[in-house]
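Structure first, commentary second.
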Amino acid sequence: MAKTLAEYYAIDYPKCTIDNSFLASWEGLAYPCRVIQCIASPIQLLTGWFIMKKTPMMMNSVKVPLLIFHIFCSIQDFHVLSLANPYVFLPSYALFGVGLFSWIGIPVTAQMIAMALSIFCNFLYLNISVITHLSSFSGTGAAMTFLFESRASVIPNNKFKLTKNGTRIKYYFGNVIFNSVTSLFFVTRVPENQEREKLEILKIIPCPAAEFFSESTFVFLDSYYADIVIVYVVPIFLILALSQFLFFAFCSVYYLFISPTSEVSPQTRRLQRGFFIGIVFQTLIPFAVMALPYIVLTVALKHDKLTQGLTNIYFMVYGMHGLMESIAIIMVHRHYRRILFGFFKLENKVKPSESDLVRK
């Protein structure tokens, strides 16, 4: 094994068969991501305007949670597609940025802090926002959980809704502390000897894309901590997030469908059920956009079929989840869909929503 990167590049790398296709290059990642961002931005802005200005009266209780969920899905997309836009050499934690952060000269370490917070703690800012604006609305720590908790909290007979501000503050603060401390701990584990770690990576990926040598590749975690993140940290984050989301979703299912209250009219109950089904679809659609490519990537890795081109495609698709979330919000909720169709002079083909009738 070569003792330096220069030696490896001069002696061992020429023996490799390299994928020199456009898709495997940094341009094959950066340019499509810019196109996706240009398409997504106006749709995301339009969706935000719909939520802020066109939300019907019957949806007022979830207007803010819906808006926050939309904002942070859009922010995550903007981070992946435009700000950091990471070119990653999977299955390692070696990468470099091809986004705005790199173009304006932001240090790679600073980019990785933002990336770590985005991956492991992408709801940190939401938690702070929720705490700051506690007098205006109630919610939980994560955007998706917040959306479902706010839906569950308006059900009169829900015994598990959060009603005390002190309880909410502790809940939010606990999420902030856990996510922040965990994420920042791994940021401090960045290897000091970058060349040595790159040589270790070359034992696992002997023939990476040429950008591994030609660009400012940065190793975020060594193999020891990378294994800890993959085997322990990511599953723990997923379990905690899903458990909170599923708990509040189950509360809504139970009190809306299994044991409904008699304190609300049948018409209101139908509206509540309809909106709950709507938010289920609007969250499942972007989740599927993130999860399905990840499954494909994992299967390819397990069968030793993972390529740089496939990795680039994954990050392109991952950066589209906010776009799909925006489309889902407009198409799933009848009131927004009716307004959109009205722009194209199709309003007569869409029946007025129940919420509109109630509002009148």
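The values are calculated or read from the model by the stated rules, or taken from the named source; none is laboratory data. Nothing here was measured: the structure is a model prediction, and the numbers come from that model. FYI the Cβ positions are ideal-geometry reconstructions off the backbone, even for glycines, and counts take in every protein chain you see.
Cβ separations smaller than 8 Å between residues 6+ apart or across chains give the following pairs from region 331-348 residues that are buried (at least 17 other Cβ atoms within 10 Å of the Cβ) and at pLDDT below 85 to residues that are assigned to a helix (DSSP H, G or I) and among the hydroxyl-bearing types (Ser, Thr, Tyr): 334/355; 335/355. Apart from one condition, residue 320 fits all of (1) surrounded by 15 or more Cβ atoms within 10 Å (Cβ to Cβ); (2) among the aliphatic types (A, V, I, L, M); (3) without any contact (Cβ under 8 Å) to a residue 60 or more places away in the chain; the exception is (3).
Taking the criterion of being among the polar types (S, T, N, Q) and surrounded by 14 or more Cβ atoms within 10 Å (Cβ to Cβ), the residues of region 217-244 that qualify are 217, 223, 244. Among the candidates 73, 38, 33, the residue that is free of Cβ contacts under 8 Å to residues at least 40 places away in the same chain, on the phi < 0 side of the Ramachandran plot and in a helix (DSSP H, G or I) is uniquely 38.
Residues in region 257-273 that are within 16 Å of residue 59 (Cα to Cα) and of a type in the set (A, V, I, L, M, F, W, C): 264, 271. Any idea which residue in region 28-87 is farthest from residue 331 (Cα to Cα), counting only those that are at pLDDT 90 or above and among the hydroxyl-bearing types (Ser, Thr, Tyr)? Restricting to residues being at pLDDT 90 or above and among the hydroxyl-bearing types (Ser, Thr, Tyr), the top hit is 87. Scanning region 192-224 for residues that are under 19 Å from residue 86 (Cβ atoms) and not in a helix (DSSP H, G or I) yields 205, 208, 209, 210, 215, 216, 217, 218, 219, 220, 221, 222.
Of the numbered criteria (1) loosely packed, with under 14 Cβ neighbours inside 10 Å; (2) aromatic (Phe, Trp, Tyr); (3) in contact with a Lys or Arg (Cβ under 7 Å, 6 or more places away or on another chain), the one residue 276 fails is (1).
Within region 233-267, the set of residues being of a type in the set (Gly, Ala, Ser) and under 16 Å from residue 283 (Cα atoms) comprises 241, 243, 249, 252. If you go through region 275-290 one residue at a time, do you hit one that is of a type outside the set (Asp, Glu) and more than 24 Å from residue 73 (Cβ to Cβ)? No, the conditions are met nowhere in region 275-290.
Quick grid of which residues meet (1) touching a residue at least 40 places away in the same chain (Cβ under 8 Å); (2) in a helix (DSSP H, G or I); (3) closer than 29 Å to residue 185 by Cα:
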{"site": "227", "(1), (2), (3)": "no, yes, yes"}
{"site": "232", "(1), (2), (3)": "no, yes, yes"}
{"site": "238", "(1), (2), (3)": "no, yes, yes"}
{"site": "249", "(1), (2), (3)": "yes, yes, no"}
{"site": "256", "(1), (2), (3)": "yes, yes, no"}
{"site": "267", "(1), (2), (3)": "yes, yes, no"}
{"site": "271", "(1), (2), (3)": "yes, yes, no"}
{"site": "281", "(1), (2), (3)": "yes, yes, no"}
{"site": "288", "(1), (2), (3)": "no, yes, no"}
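Note on region 9-29: residues that are in a helix (DSSP H, G or I) and surrounded by fewer than 18 Cβ atoms within 10 Å (Cβ to Cβ) total 7. Selection of region 291-313 for residues being free of Cβ contacts under 8 Å to residues at least 24 places away in the same chain and under 17 Å from residue 78 (Cα atoms) yields an empty set. Here region 179-191 is the region considered, the condition is being at pLDDT 75 or above and part of a helix (DSSP H, G or I), and the residue that is surrounded by the fewest Cβ atoms within 10 Å (Cβ to Cβ) is 181.
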